[in-house]
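Visitor: Dropping a structure here in structure tokens format, bear with me for questions.
The values are calculated or read from the model by the stated rules, or taken from the named source; none is laboratory data. Owing to the predicted nature of the structure, the values given are computational and were not obtained by experimental measurement. Here the Cβ is made from the backbone with ideal geometry for all residues, glycine too, and neighbour counts use every protein chain on show. Calculation scope for accessible area: heavy atoms of the full protein, side chains included, ligands and nucleic acids excluded. Shrake-Rupley method; radii C 1.70, N 1.55, O 1.52, S 1.80 Å.
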Amino acid sequence: MNLRVRALPFLFMAFSASAFAQQRTQTPPETPPSSAAAASRNTGPKPYGEVITSKAKTSRGLFLIHRIDDKYFFEIPDSMMHREILVVNRISKAPSGGRAGFLGYAGDQIADNVITFERGPSNRVFLRSISYQEMSRDSTQGMYSSVRNSNLQPINASFDVKSLAKDSAGVVIEVTDYLMGDNDVLFFSARAKRALGLSTYQKDNSYIIDIKPFPSSMSINTVKTYLRTPPPTPGQPVQFGGAAAMASPTTFELNSSMILLPRVPMTPRYYDPRVGYFSTGYTDFDLNPQGVERVRMITRWRLEPKPEDVEKYKRGELVEPQKPIVFYIDPATPKQWVPYLMQGVDDWQIAFEKAGFKNAIFGRMAPSNDPEWYIENPKYSAIVYKPSDVANASGPHVNDPRSGEILESHINWYHNVMSLLRNWYFIQAAAVDPRARTLRFNDSLMGQLIRFVSSHEVGHTLGLRHNFGSSSTMPVEKLRDKAFVEANGHTPSIMDYARFNYVAQPGDNITDKGLFPRIGDYDLWAIEWGYRWNPEAKTPEEDRIIQNRLTVEKLKNKRLMFLTESDPDDPRAQSEDLGDNAMKASAYGIKNLQRIVVKLPEWTREPNEGFESLNELYGNVVSQFSRYMGHVVKNVGGIMTTPKTVEQQGVVVQFVPESKQKEALTFLNEQLFKTPDWLINPQITNLTGGNTLTTIGNLQNGILGRLISHNTLNKLLRFEAEEKAPYTAIEMLTDLRKMVWSELAARKPVDIYRRNLQKAFTERMINAVTPPPTPTAATAPRSPSSFTENTDAMSVAKAQLRMLQANIKSALPYYKDAASRAHLMDVNDRITAALDPTN
């Protein structure tokens, strides 16, 4: 499907002011209003002075705002009718007990909508919510009317016209009741309410703080109280009386900002799967006369040269944009971290120079003398510091759904992200960086870690997605080359989850430049692709041709490759991995883990403290080792997908070569299935109470589950059907069985770790030959072709169990130790029961 958009401007759902005017006489009859409301409406608009009296306190901005005692009025000029207005709702102040995961902190976005005001019949003004899910732009075609008639925008609120404007070129409406009520236009969305457990709105315990109008925006501040029922804690019994008995009042201070969208939307740029941008879109009924197309536009800021600099830009000179991108630092941020957060923003300057713009992006302190500046104001982008135990950071953005133009961003910076950074760097770099061999990093080291995360999150706010494939373009041995890695970084993209260079070994003497992520070649290319201005393109279609030509040429450089973060089959696209060979990179990583684990008791020791930190960081060692195993196992049955257009050479889909799949399986045997004795450290477990038998068993069982799965087996069967020299399912399972059960051929005793491994293998194989439950009347019918019993997978698995059972029976007479015999007899019985359940 072509991912295209039409030239803009276009209006919401083909529903324009003129279209509304043509249909005003066709408005359907309404439900009769209440007698009080009817009496009020029958009086009609009053003279301006009777409504907006001398007591009114008036503020000018997007609309005139009048306050008379506790009542609020909007004076909306005719010129603002039918103008699209983006509403962004955020929490200004939050209760400490009102959180749910990442949601519920001051600064959190809780809803966004696009609305319009329009004049209606009977002296009313309607507030409509606008959707952009379906479009038809060409009003000369019948499809335009059909789409319009099938997508009438909902009326969310209706207001009586209290008076005409003073100059008669507008209307006055009272909004007090609407602001004092509860609705998902100005306050919590239904989804946010569910997440936070909010139910009954308590109007008597709520109020309006103020309304601040600005030239192209407006800020509404309110206090809202709800009954809240916190979600039950897993494993805890439900309290007597049910949810209603547990509900308690919860109060939030909210900010609702209304931003006037441009009359003419920014010209969009088409989404391209070869470059990682977030996108927005709609279904278009014009592009394909024989069908419909899903249009996708990338999200990006509007960067354009100043009119006087257009010719300079065309000549290739760097120019300043009309409006740079500025991120303000939350005043609540601890002072020692402010320079590093700002540097994380400024690091992107070099990328925008590739797109032809200098001084395009800045990190700044929050202004102290700007009356319009406040942390929730969507006119300003900010890095919001949250006093939270959440170990995370995120970079969302708000965009114009008509074009993908990013309007603002509030990066969420949770205080406890520093514990995450400490653990990452400790586990991945302590073997080569002495500064990491402590529980408390100095400010300089922590500051550099903060800078890297700041740069990553800013990248998201510029429209960039994760590029989990970037690190796979680096040869593993180059990650140990001091000159190369310090000059080029250990991954071409800071948008990868490459973290730190865990391949580097102590003798390589690699410094920060080769250990830390940085903005790399892919990031420079991605910003150039998304932000270069193409004045020669008169339409988005012409822009697409220019962009494709540029992309085809640039992607001859493999370091500029983008792979999604959501491909479950491509071993190149993985979180937390490094290099072009997971087996080689993981082997180096494990050597460093082995160096670290023996030092953990020393490096985590603190006076007057217990062993919680030792336990935590040992757990992180185990997690990192598990991560390495996951990187490797994805090669078995791996399918590599590289998006391309017809102008590019080569195939899109490739299977991981047989030799590399066998290399992966051999690695898993050597590093995991053969008991990783280095993880068995009595000095640690005697202090923390850990159970290495369970720890190692869980690691092994998890990887076996990925190897002996219907998904992996069916992919290997596909290879067999399509490849000339495949690694077949039979070969893989045979190799795996021989590795896991190597004691049988040698008639060696089986120790307790290996007995657990072999039982896990047997149970996984039994699961592979156990058919799904027979469908009942209460379950949906299943398609026979979708189940493994109708492929060779079940046949192959059964054959392996029969061979294993034969090997066990042949070896049993040679085993004299009681533990091994009991184990083998038990496994034999399990196989018999699985292959012949009626016996």
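Visitor: Could you count how many residues in region 415-454 are of a type in the set (Val, Ile, Thr) and within 14 Å of Ala393 (Cα to Cα)? So that I can check it myself, show each step before the final result.
Guide: From region 415-454, those of a type in the set (Val, Ile, Thr) are 417, 427, 432, 438, 450, 453; that's our starting set.
Going one step further and asking which of them are within 14 Å of Ala393 (Cα to Cα), we end up with 417, 450, 453.
Number satisfying all stated conditions: 3.
Visitor: Just to confirm my filter: which helices (runs of 4 or more DSSP H) fall fully inside region 307-357 and include at least 2 residues that are out of contact with any strand residue (DSSP E or B) (no Cβ under 8 Å at 6 or more places or on another chain) and either modelled with pLDDT under 95 or open to solvent by 60 Å² or more (accessible area, probe 1.4 Å) (or both)?
Guide: Ranges flagged: 310-314, 349-354.
Visitor: Can you tell me which residue among Ser394, Ser368, Ser388 is surrounded by fewer than 21 Cβ atoms within 10 Å (Cβ to Cβ) and free of Cβ contacts under 8 Å to residues at least 12 places away in the same chain?
Guide: None of the other options fit; the residue is Ser368.
Visitor: Related question: Is region 202-223 home to any residue that is of a type in the set (S, T, N, Q), surrounded by 14 or more Cβ atoms within 10 Å (Cβ to Cβ) and touching an Asp or Glu at 6+ places or on another chain (Cβ under 7 Å)?
Guide: Within region 202-223 (the criterion being of a type in the set (S, T, N, Q), surrounded by 14 or more Cβ atoms within 10 Å (Cβ to Cβ) and touching an Asp or Glu at 6+ places or on another chain (Cβ under 7 Å)), the answer is yes, since at least one residue qualifies.
Visitor: For residues that are more than 22 Å from Gln700 (Cα to Cα) and either in a loop (DSSP other than H, G, I, E, B) or in contact (Cβ under 8 Å) with a residue 40 or more places away in the chain (or both), tally how many sit in region 603-628.
Guide: Keep residues of region 603-628 that are more than 22 Å from Gln700 (Cα to Cα), which gives 603-614.
Among the residues that remain, those that are also either in a loop (DSSP other than H, G, I, E, B) or in contact (Cβ under 8 Å) with a residue 40 or more places away in the chain (or both) are: 603-611, 613-614.
Total satisfying the criteria: 11.
Visitor: Restricting to region 334-360, what's the tally of residues that are touching a residue at least 60 places away in the same chain (Cβ under 8 Å) and of a type in the set (Val, Ile, Thr)?
Guide: 2
Visitor: Another question, if that's okay. Could you count how many residues in region 700-720 are open to solvent by less than 20 Å² (accessible area, probe 1.4 Å), assigned to a helix (DSSP H, G or I) and either over 18 Å from Arg764 (Cβ atoms) or not small (Gly, Ala, Ser) (or both)?
Guide: Qualifying residue count, region 700-720: 8.
Visitor: Shifting gears a bit: Among the residues of region 689-699, write down those that are assigned to a helix (DSSP H, G or I) and open to solvent by 10 Å² or more (accessible area, probe 1.4 Å). Show your work before the answer.
Guide: Going residue by residue through region 689-699, those that are assigned to a helix (DSSP H, G or I) are 692-699.
Those that are assigned to a helix (DSSP H, G or I) and open to solvent by 10 Å² or more (accessible area, probe 1.4 Å): Thr692, Leu693, Thr694, Thr695, Gly697, Asn698, Leu699.
Visitor: Something else: Has region 752-760 got any residue that is of a type in the set (Lys, Arg), modelled with pLDDT of 95 or more, under 42 Å from the mean Cα position of the chain (by Cα) and buried (at least 19 other Cβ atoms within 10 Å of the Cβ)?
Guide: Yes, some residue in region 752-760 is of a type in the set (Lys, Arg), modelled with pLDDT of 95 or more, under 42 Å from the mean Cα position of the chain (by Cα) and buried (at least 19 other Cβ atoms within 10 Å of the Cβ).
Visitor: In region 571-593, which residues are in a loop (DSSP other than H, G, I, E, B) and more than 19 Å from Asp272 (Cα to Cα)?
Guide: Pro571, Arg572, Gln574, Ser575, Glu576, Asp577, Leu578, Gly579, Asp580, Asn581
Visitor: With respect to Gly469, determine if the residue is in contact with a Lys or Arg (Cβ under 8 Å, 6 or more places away or on another chain) and in contact (Cβ under 8 Å) with a residue 60 or more places away in the chain.
Guide: Judged against the criteria, Gly469 is a match.
Visitor: Another one. How many residues does region 721-746 contain that are part of a loop (DSSP other than H, G, I, E, B) and polar (S, T, N, Q)?
Guide: Within region 721-746, residues that are part of a loop (DSSP other than H, G, I, E, B) and polar (S, T, N, Q) number 1.
Visitor: Which of (1) over 30 Å from Asn711 (Cα atoms); (2) of a type outside the set (Val, Ile, Thr); (3) surrounded by 23 or more Cβ atoms within 10 Å (Cβ to Cβ); (4) within 25 Å of the chain's Cα centre (by Cα) is the odd one out, the single condition Phe562 does not satisfy?
Guide: (1)
Residues checked against (1) surrounded by fewer than 22 Cβ atoms within 10 Å (Cβ to Cβ); (2) touching a helix residue (DSSP H, G or I) at 6+ places or on another chain (Cβ under 9 Å); (3) within 27 Å of Ser659 (Cβ to Cβ):
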position: Ser575; (1), (2), (3): yes, yes, yes
position: Ser586; (1), (2), (3): no, yes, yes
position: Lys591; (1), (2), (3): yes, no, yes
position: Trp603; (1), (2), (3): yes, yes, no
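Visitor: Mind listing just one residue for me: the one in region 721-735 that is touching a residue at least 12 places away in the same chain (Cβ under 8 Å) and farther than 12 Å from Ala797 by Cα and, of those, least open to solvent (accessible area, probe 1.4 Å)?
Guide: Looking at the filtered set, the residue picked out is Tyr727.
Visitor: Based on this model, can you work out whether Thr200 counts as assigned to a loop (DSSP other than H, G, I, E, B) and at pLDDT below 95? Lay out the reasoning, then the answer.
Guide: Details: assigned to a loop (DSSP other than H, G, I, E, B): no; at pLDDT below 95: yes.
No, not satisfied.
Visitor: Hey, among Ser92, Ser122, which residue is of a type in the set (S, T, N, Q), open to solvent by 10 Å² or more (accessible area, probe 1.4 Å) and assigned to a loop (DSSP other than H, G, I, E, B)?
Guide: Unique residue meeting the criteria: Ser122.
Visitor: Does region 769-781 contain any residue that is surrounded by 13 or more Cβ atoms within 10 Å (Cβ to Cβ), within 30 Å of Ala721 (Cα to Cα) and either modelled with pLDDT under 95 or of a type outside the set (A, V, I, L, M) (or both)?
Guide: Scanning region 769-781 turns up at least one residue that is surrounded by 13 or more Cβ atoms within 10 Å (Cβ to Cβ), within 30 Å of Ala721 (Cα to Cα) and either modelled with pLDDT under 95 or of a type outside the set (A, V, I, L, M) (or both).
Visitor: Related question: Given the conditions (1) at negative phi; (2) touching a strand residue (DSSP E or B) at 6+ places or on another chain (Cβ under 7 Å); (3) surrounded by 16 or more Cβ atoms within 10 Å (Cβ to Cβ), and given that Gly404 satisfies all but one, which numbered condition is not satisfied?
Guide: (1)
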